[in-house]
Amino acid sequence: MGYLSNAGAFLIQTLFGIYEILILLRLLMQLVRADFYNPLSQFVVKATNPPLKPLRRIIPGYAGIDLASILVLFLLILIETVLISAVTDLPIPSAGGLLALSLVGGLRLLVFLYLISIFILAILSWINPGTYNPIAHLLEQITSPLIRPVRKYVPPLSGLDLSPMVAIIVLYLALLLIIAPLQDWARSLAYGVPPALLGL
C-alpha cells in the first residue's frame, strides 16, 4: 500500500467515522431519552436530519428503536468498507463478508464511542467538577445505562467513584476478546484468506 493509498484510506475513515459517530449518538440519544434541548443534542439532530428525516417516512421506529438510524449507520459503514478496499490493495470483499464487516464495524464503533465518552467525562470531572457542562450532561445520559450497573458492584472508595475506570477496563477487554476475534472472522469471510496474509 503506497503513501497515496494510506492518505486516501485515512481521509475516508476520518470523514465517514465522524458522521457515523453522529448517527450513533442520535440513536443512543433516543434510546436513553436524552435532553434534546442540549446544544450538543441540537447539533447532532441538525447534522443527522438530512438522511434521517426522509428515511423515517418509509421506515418507522419500533419499540423505541430508531430503525432508520440503524440502517443509515449500517450503510455508511458498508460504503466506507468498499471505498477503503477500492483505494488500497485489498480485494473487494464478498457480499457475505461485507455484511459481516459492517455489522462488526458497528459494534466496534459502539464500544469505542462508550470508551471515548466515559474518558471525556472523567477528564471533565477532574478539570471542572460540580459545574454544568452541556457536553458532560449529554455524555452522562448516554453512558448512564452502562455505568449504573457497574456502580452497584463497585462502591466508591474514600469518596472516589471507580465505576468509570472499571467500565473502561471492561469495554477494552470486550474489544480484545470479543470484537477483535469477530473482526478477524469477518475479514476472513470477506477476503477468503486469514487477515494476517492481507497485512491486517
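Here are a few things to note about the model shown:
- Helices of the chain meeting both criteria, an alpha-carbon length of 18 angstrom or more along the long axis and an average Kyte-Doolittle score not below 0.5, with helices taken as full DSSP H segments, are 3-31, 67-87, 95-127.
- Dividing the helix sum by the residues of the chain, where each DSSP H run of 4 or more adds -39500 (n - 2.57), gives a mean residue ellipticity at 222 nm of -25000 deg cm²/dmol.
- Rounded, prolate or oblate (a/c below 1.5 giving rounded, otherwise prolate when a/b exceeds b/c) for segment 1-134 by Cα gyration tensor: oblate
- Residue exposure proxy: Ser163, Ser144, ordered by other Cβ atoms within 10 angstrom of their Cβ from fewest to most, comes out as Ser144, Ser163.
- With at most 16 other Cβ atoms within 10 Å, longest stretch of the chain clear of loop trypsin sites (Lys or Arg not before Pro) (DSSP): 58-200
- Applying the criteria of a DSSP loop state and at most 15 other Cβ atoms within 10 Å to the chymotrypsin sites (Phe, Trp or Tyr not before Pro) of segment 96-144 yields Tyr132.
- Taking the centroid of alpha carbons for each part, segment 140-167 and segment 17-31 are 23 Å apart.
- Theoretical FRET efficiency, 1/(1+(r/R0)^6), r = Cβ-Cβ of Ile21 and Ile178, R0 30 Å, to 0.05: 0.90
- Counted by neighbouring Cβ atoms within 10 Å, the residues Thr14, Thr48 run from fewest to most as Thr14, Thr48.
A short reminder: the numbers here are calculations on the coordinates, not readings from a lab. Source: prediction; values computed, not measured. Cβ atoms come from the backbone with ideal geometry, glycine included; neighbour counts cover every protein chain shown.
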